[in-house]
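Let me begin by presenting the structure, written as structure tokens, before commenting on it.
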Amino acid sequence: MPKPAVSTLLRTEKEGDVVMSSQEVDPSKLLADLRVKRANHEWLDRHRKELRAKFADQYVAVHKGAVVAANRDFLRLLSVLRKKLAKTDPSLAAVEFMSEEDFVWVL
């Protein structure tokens, strides 16, 4: 099956205003970034129990198999994350709140 085409232009719409970006999207970089993001989330999921024990009631940021930032305050966590991942895209890190209690959702 052929791969779906990736648009070469980014387009953002906000309440009727259209903003065009001349930035081209590199499909191979986009796929690589998605793989990194997914790997970070998978690592976090595999280590959730130990992260919850070590970082109870804190936000935790994981990148490339390691905790790169943890803080009770989300904005402070983002600040630290931007500094530590200055040479890469900080949005690739998996960020999640590690509640001390295990929640059960009933829908």
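Pull up region 52-107, narrow it to residues that are among the polar types (S, T, N, Q) and over 14 Å from the mean Cα position of the chain (by Cα), then point me to the one that is nearest to Ala32 (Cα to Cα). Step through it out loud before you land on a result.
At the first step, the residues of region 52-107 found to be among the polar types (S, T, N, Q) are 58, 71, 79, 88, 91, 99.
Subset that is over 14 Å from the mean Cα position of the chain (by Cα): 58, 71, 79, 99.
Values: Gln58: 29, Asn71: 28, Ser79: 25, Ser99: 30 Å.
Checked region 52-107; the qualifying residue nearest to Ala32 (Cα to Cα) is Ser79.
One line per residue, one yes/no per condition, for (1) closer than 16 Å to Phe55 by Cα; (2) part of a helix (DSSP H, G or I); (3) without any contact (Cβ under 8 Å) to a residue 24 or more places away in the chain:
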residue	(1), (2), (3)
Val68	yes, no, no
Leu75	no, yes, yes
Ser79	no, yes, yes
Arg82	no, yes, yes
Ala86	no, no, yes
Glu96	yes, no, no
Glu101	yes, no, yes
Leu107	no, no, yes
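No value in this document is a laboratory result; all are computed from the given coordinates. Quantities reported herein were computed from a predicted structural model and do not represent experimental measurements. Every residue, glycine as well, gets a Cβ built from its backbone with ideal geometry; the counts of neighbours run over all protein chains shown.
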